[in-house]
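The values are calculated or read from the model by the stated rules, or taken from the named source; none is laboratory data. Given the structure is predicted, the values throughout are model-derived calculations rather than measurements. Cβ placement follows ideal geometry from the backbone for every residue including glycine, while neighbour counts extend to all protein chains displayed. What goes into the accessible areas is simple: the full protein's heavy atoms, side chains included, and nothing from ligands, DNA or RNA. Shrake-Rupley method; radii C 1.70, N 1.55, O 1.52, S 1.80 Å.
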Amino acid sequence: MDYTANQSGFRQQPSMRLRNSSVDGPDGSQLFEDTSGAGPASQGTYRNQHAGAQAPGLSGQSFLSDPMSNLAMAYGSSLASQGREMVDKNLDRFIPISKLKYYFAVDTMYVGKKLGLLVFPYMHKNWEVSYQQDTPVAPRFDVNAPDLYIPTMGFITYILVAGLALGTQNRFSPELLGVQASSALVWLIMEVLAVLLSLYLVTVNTDLTTIDLLAFSGYKYVGMIVGVVAGLLFGRPAYYLALLWCCAAIFVFMIRTLRLKLLSEAAAEGKLVRGARNQLRMYLTMSIAAAQPVFMYWLTYHLVR
């Protein structure tokens, strides 16, 4: 120890450095942090934090490495894919969903020409559908091809016009509008089912599909809309005149369109429409065409007063 004497003659006690004291610099700042006082508690806390951070990773790795979990995931994916294929196969058997895209392949020019053909079909000459490599061309390239865009939009517009007509008569209610929409849809489905049953009973060999029949049956909504709008604007006599014109137009349209479908076998063989089978086909064609004006009047007469 270093003992030094002060001016009074006594020796000054040495400045002993404490163990836990920190070393200060010239400016009084601490140069080193003393960690010697950090006991096992702080080290244990660090270890617990490190272990806690690794715990989720270890549990996820153990779950992924579990063979039973992998087997369950694979089995569930297999069941989901098999169920999806079964649903698509059974649904496509009745309604070919994959072919619906073809019936909505329309443009503005096609819609304009088709509406004109439905209202005034008397000057149209060629009613055959165009084909390209045994496949009918898209509706936007052939005005004779059936589509679902006009029937769908016609059905929706008919419901809106029916609601407008009921509102002008102070008879509008959501329930009544729902009854109007559901009845129109039910009659459409019944009509298509009746035609399918008739084709089965007559044993007609035709390329008509269920969607084709749905499209042809839905074209009558155009004439129904024209009749109701004319009745709302100009009264009941205008409704009868417009509906009569549209009924005649849809009758001609259906006759000239369906005869190429239902009588295609006889036409391909170059034979005249004779014999019992061909006569049944002709009667069936005329019955389908004659049913359109009946439905048009039945679904619209109560909307105009």
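Can you pull out the residues in the range 124-153 that are polar (S, T, N, Q) and either buried (at least 18 other Cβ atoms within 10 Å of the Cβ) or in a loop (DSSP other than H, G, I, E, B) (or both)? Walk me through it before giving the result.
Going through the range 124-153, the residues polar (S, T, N, Q) turn out to be 126, 130, 132-133, 135, 144, 152.
Scanning the range 124-153 gives N126, S130, Q132, Q133, T135, N144.
So is L166 surrounded by fewer than 14 Cβ atoms within 10 Å (Cβ to Cβ) and more than 22 Å from T257 (Cβ to Cβ) or not? Talk me through it step by step, then tell me what you get.
Details: surrounded by fewer than 14 Cβ atoms within 10 Å (Cβ to Cβ): no; more than 22 Å from T257 (Cβ to Cβ): yes.
Spelling it out, it is not the case that L166 is surrounded by fewer than 14 Cβ atoms within 10 Å (Cβ to Cβ) and more than 22 Å from T257 (Cβ to Cβ).
Of all residues in the range 205-235 being open to solvent by less than 10 Å² (accessible area, probe 1.4 Å) and touching a Ser or Thr at 6+ places or on another chain (Cβ under 6 Å), which is farthest from V119 (Cα to Cα)?
Ranking the qualifying residues of the range 205-235, first place goes to V228.
Output the helices (runs of 4 or more DSSP H) that fall wholly within the range 190-263 and possess 1 or more residues being basic (K, R) and within 26 Å of the chain's Cα centre (by Cα), or say none. Walk me through how you get there before you give the answer.
Values: elements: 210-218, 220-234, 236-262.
The qualifying helices (runs of 4 or more DSSP H) are 220-234.
Which pairs have Cβ atoms under 9 Å, sit 6 or more apart or on different chains, and link a residue in the range 142-170 that is within 25 Å of V106 (Cβ to Cβ) and among the polar types (S, T, N, Q) to one that is in a loop (DSSP other than H, G, I, E, B) and open to solvent by 60 Å² or more (accessible area, probe 1.4 Å)?
N144/N126; N144/E128; T152/F104
How many residues are outside any helix (DSSP H, G or I) and open to solvent by less than 50 Å² (accessible area, probe 1.4 Å) when one looks only at the range 104-123?
Start the filter on the range 104-123 by keeping residues that are outside any helix (DSSP H, G or I), which leaves 104-107, 120-123.
From what is left, the residues that are open to solvent by less than 50 Å² (accessible area, probe 1.4 Å) are 105-106, 121.
Within the range 104-123, residues that are outside any helix (DSSP H, G or I) and open to solvent by less than 50 Å² (accessible area, probe 1.4 Å) number 3.
Could you list, in sequence order, all residues of the range 181-193 that are touching a residue at least 24 places away in the same chain (Cβ under 8 Å) and not aromatic (F, W, Y)? Don't jump to the end; show me each part of the working.
The first filter runs over the range 181-193 and keeps only residues touching a residue at least 24 places away in the same chain (Cβ under 8 Å), leaving 183-185, 187-188, 191-192.
Within the range 181-193, S183, A184, L185, L188, E191, V192 qualify.
Out of curiosity, is A53 in a helix (DSSP H, G or I) and at pLDDT 70 or above?
no
Can you pull out every residue in the range 250-267 that is aliphatic (A, V, I, L, M) and buried (at least 21 other Cβ atoms within 10 Å of the Cβ)?
Taking the range 250-267 first, the residues aliphatic (A, V, I, L, M) are 250, 252, 254-255, 258, 260, 262-263, 266-267.
I250, M254, L258, L262 - these are the residues of the range 250-267 that are aliphatic (A, V, I, L, M) and buried (at least 21 other Cβ atoms within 10 Å of the Cβ).
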